[in-house]
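The block underneath contains the structure these notes are about, expressed in structure tokens.
The values are calculated or read from the model by the stated rules, or taken from the named source; none is laboratory data. Every value quoted in this text rests on a predicted model; they were computed, and no experiment measured them. Cβ placement follows ideal geometry from the backbone for every residue including glycine, while neighbour counts extend to all protein chains displayed.
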Amino acid sequence: MTDGLDPQQLSSYFAFMESASLLQHHVEQQLRTAGDISYVQFQVLARLGDARDGLSMTELADGVVYSRSGLTYQAGQLEKAGLITRGPSPDDDRATLVTLTDAGRALLARVFPGHIETVRGTLLAPLSADDLRTLGDIMSRVRDHMRAQPPRSAAPRKRR
């Protein structure tokens with residue numbers, strides 16, 4: 001058995017988790033109010049907005065760090081709302097290609113200003129330029145360390 005976290009590690013961990021939860025809560029509220037979408041749905045739409053030719057469901061699942069089944073459900077909801085389309089990939093017969101519709105682009109354009117305002121007011125307001133660079137450096141290292149593990153989509157599916 002390994003030792004527990006020291007007081008500084010524990011304090012940093014709890015401060016990070018609480019901050020992340022509070023930020024996500026504020027962002028979720030803004031997205032629900034402005035566009036009646038969840039944060040996961042926003043992530044899907046935003047990633048597709050940056051992908052000119054669409055993305056495969058696997059790429060989306062890895063990018064938004066969401067389960068395959070959960071993403072399939074979310075994609076179904078977004079497709080039903082006319083915000084995305086899903087179809088066979090021209091490059092891989094086994095893949096499903098997801099693309100953003102004009103309605104999806106319009107929704108992103110509607111929610112982005114409030115989203116940016118929420119992020120600025122909630123996360124960025126108390127930070128100096130130096131703080132922001134430090135935070136970016138630290139979180140990029142943490143993300144890259146975590147992303148060095150095999151993507152969730154590569155994990156075998158659990159059998160029931």
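Scanning the stretch 114-126 for residues that are assigned to a helix (DSSP H, G or I) and loosely packed, with under 15 Cβ neighbours inside 10 Å returns I116, E117, R120, G121, L124. Of the residues contained in the stretch 91-113, one or more are found to be farther than 20 Å from A46 by Cβ, modelled with pLDDT under 95 and surrounded by 14 or more Cβ atoms within 10 Å (Cβ to Cβ). The conditions of being basic (K, R), modelled with pLDDT of 90 or more and not in a helix (DSSP H, G or I) are met by R86.
Among the residues making up the stretch 53-90, those that are within 23 Å of R143 (Cβ to Cβ), surrounded by 15 or more Cβ atoms within 10 Å (Cβ to Cβ) and aliphatic (A, V, I, L, M) are L55, M57, L60, A61, V64, L71. Only one of the listed residues (T99, T72, T134, T58) is assigned to a helix (DSSP H, G or I) and touching a residue at least 40 places away in the same chain (Cβ under 8 Å). That residue is T58.
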